[in-house]
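Notes follow the structure.
Just so you know, all these numbers are worked out from the coordinates, no wet-lab data involved. Keep in mind it's a predicted model, so treat the numbers as computed, not measured. For neighbour counting, all protein chains shown are included, and Cβ atoms are generated from backbone atoms with ideal geometry for every residue, glycine included.
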Amino acid sequence: MVTHVLTLVLSLAVGGDATVPEGSLAVKKDEVEYQSQMFESWWGTKLEWQLSELPTEGAVPEYRIPYSGHDYPDRGGGTDSRASRGMSALGKYDMAFNGGRGLAVAFERIDVSRRPDSDGVDRRRGSRRATTASRLARLEDLNRPPGLFERMRARRSVGWYGHCNGWTAACIRHAEPAKNVVRNGVVFTPADIKGLLAELYMHSETEFLGGIDTVINPATLHVTLTNWLGRGDHPVGMESIPGKVVYNYPIYNYKAELKKHSERLWEVKMKALYAVNTGHEMVKSPRLHKEKYFHYALDLNKDGKIIGGRYYNDSARIDMLWSPLKPTQGGKEGNESGNPHLNVKEILSMWRESAPGDLQKKWMNIDPTDEDRLSSNDKDTD
């Protein structure tokens, strides 16, 4: 893991004065405890809360900028959406692996036809708020980590539903497929493989990186991005809009300017770049991105550690941050709602054959599969 040297950008770097918002929102004790324990369990080092030790900028290497894939809206058939000619990626999968019986396609058609209950909760995505005590208890078993969609605040807006979280997880964990792959006489293009990856991760477990409130605490936002992306060069999934409509994107770059108001009060202006989706899946994906601007105050304790914060009025606000974990077989524990007619190992095997081998050798993820676990020599590769 690469650790960057922090250089604080003080008053001269921040143009203009703004009134510091009143009040303070302290990070909840159980969130501090959970995030600290979880980070150490994955990274083998402590989560840094000391502001002076946190990098003001972070970015993934250029080769790891997430590809802009399709979000497969349910109204378009989800991952059973067809290209202008031919069949969908799921249809091809059924031809190659399910004897042409249409099992994976049939499951997806049922899945995308489901609608929220009367309370507006989409049960397809499951319960997304486990108690903190439950999440902490599950840290004891890293084979069953807590995930993004355990929180009870699951929300969907009728007419939206899609696979943005599946694409986000896939482009964080995988280099873009580049070559056609043949299985049992069926040709899978890179676009097909990206569609299968999006479906594979649709209901898979994720790691919760903060956001137990309706809007993520700015202190948690700062600590998470600067540790995961700044110290670790690891992209982070973002649920970008508080409320019923849910859009997920991968953040891969940030830059922050800090202004000192006092020893225990700092103003932060941060710009974060995130990849955005395309209107359809492409053989070679573009690298499309947008920017979010965060403006917040951080409160420190007497030791200089971040303990809370609040947003300025001109700041963007998001729901939560997360990281994908390795996919598990649909219909099994850890992916109960996933498509049981897709074989995880088969799809990942196609990806390995399609994606550039040199990128696979340096593509670090938390919770890697056994086949994709990097050696110490691989980790040192630039």
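Mind running the shape call on the stretch 311-382? Use the C-alpha gyration tensor, a ≥ b ≥ c as the square roots of the eigenvalues: rounded below 1.5 for a/c, prolate if a/b tops b/c, oblate otherwise. Cα axes put the stretch 311-382 in the oblate bin. Calculate, for N301 and V245, the FRET efficiency according to 1/(1 + (r/R0)^6) with r their C-beta to C-beta distance and R0 35 Å; round to the nearest 0.05. Efficiency for this residue pair is about 0.45. Pairs K46/K255; K269/K292; K290/K361: which exceed 20 Å Cα-Cα? The pairs that break the limit, which is 20 Å between Cα atoms, are K46/K255; K290/K361.
Percent relative contact order of the stretch 241-315, based on C-alpha pairs within less than 8 angstrom and at least six residues apart? Let's see the in-between values first.
Working: 126 pairs, mean separation 19.1, N = 75.
Across the stretch 241-315, relative contact order equals 26 percent.
Once the Cβ-Cβ distance of K362 and K290 is raised to the sixth power relative to R0 = 30 Å, the FRET efficiency obtained is 0.65. If you keep only loop residues by DSSP, which GluC sites (Glu not before Pro) in the stretch 230-293 have at most 15 other Cβ atoms within 10 Å of their Cβ? Sites meeting the loop and neighbour criteria: E263.
The 3J(HN,Hα) values that the Karplus relation (6.51, -1.76, 1.60; θ = phi - 60°) gives for the stretch 256-270 are, in residue order, 10, 10, 10, 10, 8, 9, 6, 4, 10, 9, 10, 9, 10, 10, 10 Hz. Gly and Pro appear as x.
Spin-label model, R109 to K332: label points 7 Å out along the Cα-to-beta-carbon direction sit 2.8 nm apart. Derived scalar couplings between HN and Hα for the stretch 284-289 equal 10, 7, x, 10, 9, 8 Hz in order, rounded to whole Hz, by the Karplus curve 6.51 cos²θ - 1.76 cosθ + 1.60 (θ = phi - 60°), x for Gly and Pro.
As a rough guide to protection, the peptides 364-372, 97-105 ranked by mean Cβ packing within 10 Å, highest first, stand as 97-105, 364-372.
Applying 1/(1 + (r/R0)^6) with R0 = 51 Å to the Cβ-Cβ distance of R264 and N180 gives a FRET efficiency near 0.30. Short-range pairs are left out: with C-alpha atoms under 8 Å and at least six residues apart, the relative contact order of the stretch 311-382 is 22 percent.
If you take the square roots of the eigenvalues of the alpha-carbon gyration tensor of the stretch 260-325 and sort them as a ≥ b ≥ c, do you get rounded (a/c under 1.5), prolate (a/b over b/c) or oblate? Write down the numbers at each step before the final one.
Values: a/c = 3.50, a/b = 2.52, b/c = 1.39.
It comes out prolate by the Cα gyration axes.
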